[in-house]
Each structure stands twice: as C-alpha cells, then as structure tokens.
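The values are calculated or read from the model by the stated rules, or taken from the named source; none is laboratory data. Predicted, not measured: the structure shown is a model, and the values here were computed from it. Here the Cβ positions follow ideal geometry from the backbone for every residue, glycine too, while neighbour counts run over all protein chains shown. Heavy atoms of the whole protein, side chains included, go into the accessibility calculation; ligands, DNA and RNA do not. Shrake-Rupley method; radii C 1.70, N 1.55, O 1.52, S 1.80 Å.
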Amino acid sequence: MSSRRGFLQNFLAGVGIFASVRPLSAQETSMAHGREGILTKRKRETAASEDGGNIPVPVLTPDVPELPFRMDGNVKEFHLIAEPVKQEIVPGRVVDLWGYNGSAPGPTIQISKGDRVRVIVDNHLPEATSMHWHGFEVSNEMDGSPGSSQDPIAPGGRFVYEFTLNQEGTYFYHSHMAMQEMMGMIGAFVMHPKKSYKPRVDKDFVIIMQEYAILPNINVPNSMNMEFNWLTFNGKSGPATTPLILRHGERARIRLINLGMDHHPIHLHGHQFVVTGTEGGRQPESTWGPGNTVLVGVAQSRDVEFVANNPGDWMLHCHLPHHMMNQMSSNVGPISRRMGMTMGEGMEQGMGMLRGGNATADENGPSLGRGMGVGSTAEQAMSNSPLSAGSLMQQHEDMPGMQMAAPDVSTNANSVPGFPQDAFMEGPMMAMDQMVDKPENYGLRPGWSGFMAGMMTFVRVLPPDKYDQIMELRQKATGQKPMPSIPRMEHNNE
Ligand SMILES: [Cu+2]
C-alpha cells in the first residue's frame with residue numbers, strides 16, 4: 001500500500017469488488033476513479049467523526065459477488081445482465097440457472113439513502129424479462145411491472161432504470177416473470193442509512209433463500225414444481241455454504257431474504273436475536289422482542305440482530321425438516337431399491353415433467369406440478385435394501401474427499417418399522433469435509449459436513465485467536481484483506 005492507488009486496489013479486492021467483475025472489466029478503471037472520489041470524501045467524514053462509528057458497515061454476502069458501480073456525475077451507475085448461469089450448489093452438482101452477471105442469486109447492490117441510482121439492465125436471456133425493484137418507492141414507470149408500467153425487455157434488449165432512493169433497509173431486485181423467479185433471478189439491494197443505527201453492528205450479512213426442483217441427472221430446475229429438493233442460502237446448499245465468522249462479543253445483523261414457493265422459519269442456535277427490520281425497512285425498537293426463530297415469508301425480508309456472546313459453532317438454518325436435506329426425490333428409493341419389481345410412476349411424471357399428453361390429461365392431471373410423486377402416484381410397497389452395521393470408515397474410490405462409512409445403526413435395524421430415516425439422508429456417509437474445505441470452515445469438528453445440508457450454515461462465534469487465525473487463512477487463500485472486525489476503513493456504501 002505504498003500509494004493511494006495501491007490501497008484502493010487492495011481495498012476493492014478485499015471486499016470482493018474486482019473478484020466479482022465478470023463482463024464489466026471495461027468499467028473497472030472508471031469505477032475505480034469514481035470510487036476514489038468517494039473514498040476521499042469518506043476519509044474526511046471518518047476523520048471528522050472521532051469514533052468512526054457513524055458510518056454503517058458494508059454488508060457481506062457470502063458466496064455472492066458484489067456489484068461494482070461507477071459514478072456518472074452524481075449518479076451511481078450499476079450494470080446488470082440477465083443471463084443463464086452455471087451454479088455449483090454443492091461440490092459436483094452444477095446446475096443451469098438463470099441469474100445476473102454470472103451468479104444466481106445476482107450480485108448484491110449497496111447504496112445509501114438519498115442516492116441517485118441508475119441501473120442498466122441488459123437481457124441476455126432467450127426470452128423477454130423485466131426487472132422489478134421490490135418495495136422501492138419510485139415512480140410507476142420505473143417499477144418494472146411488465147405490460148403495465150413498461151414493455152418487457154426483449155431478448156437482446158436493454159432498459160435503463162433511474163431513481164432517487166430515500167429509503168433504508170433490506171430490499172431486493174427480481175425478475176417479474178414468475179417462472180424466471182424460480183430459475184434464480186433475484187438479488188439483494190441494501191439501502192444503508194446515512195448514519196449507522198444504534199446499537200451499531202460490527203458485521204452485517206445478507207442471506208438470500210431460494211429453492212429448486214432438479215431431478216437426478218438433469219441440470220435444469222422444473223420451475224413449475226411445487227416441491228423442492230435443493231434448498232439454498234446464497235446459491236449454495238449445506239455443507240457448501242460459507243459460515244458467518246464473528247469475533248466473540250461482536251454485534252451482528254443478518255438480513256434474510258426469501259423468494260420462492262415456501263416460507264422459511266430461520267433458526268439460530270445458542271443465541272436470542274431481535275427482529276430489527278422487514279422488507280419495509282427499520283422497525284422501531286419498541287417492537288423488538290427476543291426470539292431465535294423468524295419466519296421469512298415469500299417476498300419478505302427480515303433483519304435480525306444479536307450479540308455473539310456465546311462462543312462456538314452454531315447452526316443457522318431453516319427449520320422445515322425437508323429444507324435441511326439435499327437432493328430429495330422420493331422415487332429414488334423405490335427405483336433404486338426395489339429389485340425386479342414394477343417401478344410404477346417414473347421420476348419425471350412424479351415431478352410433473354411432461355413426456356406426452358397435456359397438463360390436464362387424465363394421466364397427468366393428478367400429479368402435474370404437485371410434487372415428487374408421493375400421494376399422487378399409484379400406491380407402492382416400499383422396501384429398503386439390507387444394511388450391514390459396523391464397517392470401518394473409508395475413502396470412497398470414485399469420489400476422492402468423500403467420506404464413506406456404514407451407517408451407525410443397530411444390528412436389528414431392518415426389523416424396525418420406519419427404518420431407515422436419517423441414516424440415508426445425513427450422517428457420516430454424507431460427509432465431505434475436504435470437498436468443501438475453506439478458511440471459514442477451519443477447525444470445525446471432523447465429519448461436521450455430514451450433518452449440514454440444504455438451508456444450513458454456521459454462525460461461528462470465535463475467541464480472538466481463532467478469529468485471527470481464520471482471517472489469516474482467508475487472506476492467504478484469496479489474497480484478500482481480512483474482513484474488518486471494527487471497520488474504521490472506508491467502504492463503498494456511501
Ligand atoms: Cu425452509
């Protein structure tokens with residue numbers, strides 16, 4: 001950091017700005033120039049504030065890039081490209097989604113109250129789209145409602161949105177074509193207050209919840225389905241999600257955003273939190289009551305805040321049991337396990353995918369889009385292949401890094417009605433610690449990943465030495481600056 005320029009480059013890399021730039025490299029230079037002006041102004045403001053505590057900390061969106069901007073006069077200009085993306089939701093499971101700038105969910109946008117904002121939206125999809133600004137108090141022609149406030153953006157087309165934002169809170173942008181929403185097309189849009197709230201938080205995270213119905217051996221979600229087998233936080237399913245790292249004693253905010261077909265009760269272990277905001281903005285302190293589970297309905301956002309006063313690795317997860325699993329598909333069992341028997345309905349029919357006929361035909365009507373086959377297909381006898389208990393843990397030959405072991409079950413397990421339940425859905429058999437190895441996972445108990453699936457991640461409340469260790473590992477691994485624990489430094493959100 002011998003020069004101001006060097007510092008700026010390092011800083012922007014540190015918050016993932018350059019790392020996130022994909023199609024916008026031509027903008028980098030101008031963006032950096034624009035940012036430099038802001039940073040200079042920021043530095044003055046920071047210096048003027050004795051404790052540096054007036055500036056809100058920027059949000060971190062684990063596993064999702066941040067959208068850079070450039071200044072055009074007094075306008076913050078962002079550039080979003082709607083396009084098909086390849087998203088690896090867990091190691092080895094790359095799926096075809098639709099998102100923005102190479103990511104689903106799309107990159108996070110951060111602005112400050114009072115900002116004049118321009119967002120250029122290019123449509124690189126094979127069909128028309130529209131961009132809705134969810135909860136924004138903007139003029140009707142900027143609302144992004146296809147048909148009523150504007151023409152849909154044609155394939156290859158562009159629409160330029162521009163507005164002044166006088167709101168604060170956790171907002172988001174999304175395609176207003178319903179089926180496109182179920183392909184991944186949403187992103188966070190955080191509007192910071194000019195001065196940080198009291199009490200001020202040390203860390204501020206964004207988590208977007210999404211869900212997909214993706215059959216085995218197919219990479220494209222069925223956007224019409226009503227049940228889902230892949231549940232994600234920020235485009236990743238556990239154990240591929242990146243833990244939220246906190247130093248013991250820090251105050252944290254987590255901004256939860258939900259766009260899908262289900263409502264998600266999000267539960268934090270080991271702490272009580274208060275709900276400090278909704279999709280409508282900050283809630284008055286008089287409404288804050290303690291809790292540890294918050295229901296985030298479809299199209300809602302909820303901000304929760306807590307003091308990380310309990311050291312440990314704490315689960316943060318949706319509490320719907322089926323949302324704590326990966327790759328669920330109820331027909332996999334019968335097909336793979338019923339030797340020599342009639343298979344009945346296939347998975348495609350079960351998940352509502354048409355091979356012939358039409359949606360209301362006799363053979364499709366009862367099950368189309370209704371689920372994965374349970375209750376809508378012909379009654380089937382279920383049986384499971386025998387299990388043997390007690391063999392040693394071993395490395396799987398075909399999947400290096402995958403830990404395999406016989407399930408920990410009793411010797412008479414097969415005679416117990418209802419068995420197996422968790423044995424095949426979680427546990428040592430599903431562990432893949434090495435495959436999801438990253439600095440943020442350092443020091444977790446061996447085998448932890450076997451019990452983490454779907455909408456799950458960790459809030460890791462670490463003593464100072466362990467916290468510093470992970471930050472150092474992170475710096476080594478990525479060449480990035482560690483996350484500031486007390487961000488006196490400049491950042492890009494004002
Ligand atoms: Cu859920």
Has the range 120-133 got any residue that is open to solvent by 10 Å² or more (accessible area, probe 1.4 Å) and either without any contact (Cβ under 8 Å) to a residue 24 or more places away in the chain or on the phi > 0 side of the Ramachandran plot (or both)?
no
So, of the residues in the range 450-470 that are open to solvent by less than 10 Å² (accessible area, probe 1.4 Å) and hydrophobic (A, V, I, L, M, F, W, C), which turns out to be nearest to the ligand (Cβ to nearest atom)?
MET455
When both residues are 6+ apart or on different chains and their Cβ atoms are under 9 Å apart, which pairs have a first residue that lies in the range 82-109 and is assigned to a loop (DSSP other than H, G, I, E, B), and a second that is polar (S, T, N, Q) and open to solvent by 10 Å² or more (accessible area, probe 1.4 Å)?
ASN101/SER20; GLY102/SER20; ALA104/GLN87; PRO105/THR61
Being in contact with a His (Cβ under 6 Å, 6 or more places away or on another chain), touching a residue at least 12 places away in the same chain (Cβ under 8 Å) and within 16 Å of the ligand (Cβ to nearest atom): is that true of PRO311 here?
no
Test result for ASP262, touching a residue at least 12 places away in the same chain (Cβ under 8 Å), under 17 Å from the mean Cα position of the chain (by Cα) and not in a loop (DSSP other than H, G, I, E, B)
no
Considering residues that are of a type in the set (Asp, Glu) and open to solvent by 50 Å² or more (accessible area, probe 1.4 Å), the number found within the range 272-313 is 3
What tally of residues in the range 268-301 results from selecting those that are within 16 Å of the ligand (Cβ to nearest atom), closer than 28 Å to LYS194 by Cβ and without any contact (Cβ under 8 Å) to a residue 60 or more places away in the chain?
2
Can you tell me which residue within the range 188-216, out of those that are within 16 Å of the ligand (Cβ to nearest atom) and not in a loop (DSSP other than H, G, I, E, B), is surrounded by the most Cβ atoms within 10 Å (Cβ to Cβ)?
GLN210
So, in the range 237-267, how many residues would count as being within 15 Å of the ligand (Cβ to nearest atom) and more than 14 Å from ARG460 (Cα to Cα)?
14
Looking at THR108 and the list (1) out of contact with any Ser or Thr (no Cβ under 8 Å at 6 or more places or on another chain); (2) open to solvent by less than 10 Å² (accessible area, probe 1.4 Å), which single condition is not satisfied?
(1)
Could you please let me know if LYS236 is under 13 Å from the mean Cα position of the chain (by Cα) and basic (Lys, Arg)?
yes
Would you please name the residue that is modelled with the lowest pLDDT, looking only at residues in the range 405-433 that are farther than 21 Å from HIS323 by Cα and touching a Pro at 6+ places or on another chain (Cβ under 8 Å)?
ALA405
Given (1) at pLDDT below 55; (2) within 16 Å of the ligand (Cβ to nearest atom), MET343 misses just (2)
From MET185, MET177, which residue is in contact with a strand residue (DSSP E or B) (Cβ under 8 Å, 6 or more places away or on another chain), surrounded by fewer than 24 Cβ atoms within 10 Å (Cβ to Cβ) and hydrophobic (A, V, I, L, M, F, W, C)?
MET177
Out of all the residues in the range 448-494, which are assigned to a loop (DSSP other than H, G, I, E, B), at pLDDT 70 or above and within 23 Å of the chain's Cα centre (by Cα)?
MET452, ALA453, MET455
What is the residue count in the range 150-168 for residues that are in a loop (DSSP other than H, G, I, E, B) and more than 10 Å from GLY114 (Cα to Cα)?
6
What's the number of the condition GLY147 fails, among (1) modelled with pLDDT of 95 or more; (2) under 14 Å from THR129 (Cα atoms); (3) not hydrophobic (A, V, I, L, M, F, W, C)?
(1)
Filter the range 227-239 down to the residues that are open to solvent by 10 Å² or more (accessible area, probe 1.4 Å) and part of a loop (DSSP other than H, G, I, E, B) and list them by number.
GLU227, PHE228
In this structure, does MET224 turn out to be surrounded by fewer than 20 Cβ atoms within 10 Å (Cβ to Cβ) and outside any strand (DSSP E or B)?
yes
